[in-house]
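These notes are about the structure you will find just below.
The values are calculated or read from the model by the stated rules, or taken from the named source; none is laboratory data. If you're wondering where the values come from, they're calculated on a predicted model, not measured in any experiment. Cβ sites come from the backbone with ideal geometry, for glycine too, and all protein chains shown count toward neighbours.
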Amino acid sequence: MIYLGFIFSIVILIYAIYQNFKHDEWRNKYWDEVRVHLDTQSQLDAAHEEINDLTNKLDLFEETIRKNEKEESQEVGVYVSQRKLRPATPDLYRVVFDMDVNGQRILEDLTKRFNRNAYVSDAHGGERETCRRLGQSEPVNFILQQINLANDPDYSEAENDE
């Protein structure tokens, strides 16, 4: 019986030593993991700090650019840039709509769209539609009138330069 107690205590001792080694192994793994986590956390914090610094620098650059744009846009002095457009002459209408192929296409399209028969019976809108169609055809007729005026041999630019 004593031998049995002695064997039993040796088995318990071996089991305790085995558990101690297992515990040390798990503790080492745990602290290795904690160190890795701490290193990763410190790298992440450093990256966040760098991102914040770069974001602040970017904001400062954008602010200085906006200030520079405001300073450049504010003109000081008496200088005034003004562009005075002259009215279109019949020669200009002729060059744009008569001599240029694209201008001829545009004028032909405008004529087809807006120079229709102006009269509309009362059943389809009557007087109101007639007035609308006459109003639509007026710009096209004006362009054609200016082209014809420029093609007239008696026309001179000086007459229209008033």
Of LEU110, LEU13, LEU60, LEU44, the only residue that is of a type in the set (A, V, I, L, M) and within 30 Å of ASN141 (Cα to Cα) is LEU110
With criteria (1) loosely packed, with under 10 Cβ neighbours inside 10 Å; (2) modelled with pLDDT of 90 or more, ILE2 comes up short on (2)
Of the candidates SER137, SER156, the one satisfying the condition of being at pLDDT below 85, among the small types (Gly, Ala, Ser) and within 40 Å of the chain's Cα centre (by Cα) is SER137
Being surrounded by 10 or more Cβ atoms within 10 Å (Cβ to Cβ), touching a helix residue (DSSP H, G or I) at 6+ places or on another chain (Cβ under 6 Å) and either modelled with pLDDT of 75 or more or hydroxyl-bearing (Ser, Thr, Tyr) (or both) narrows THR111, THR89 down to just THR111
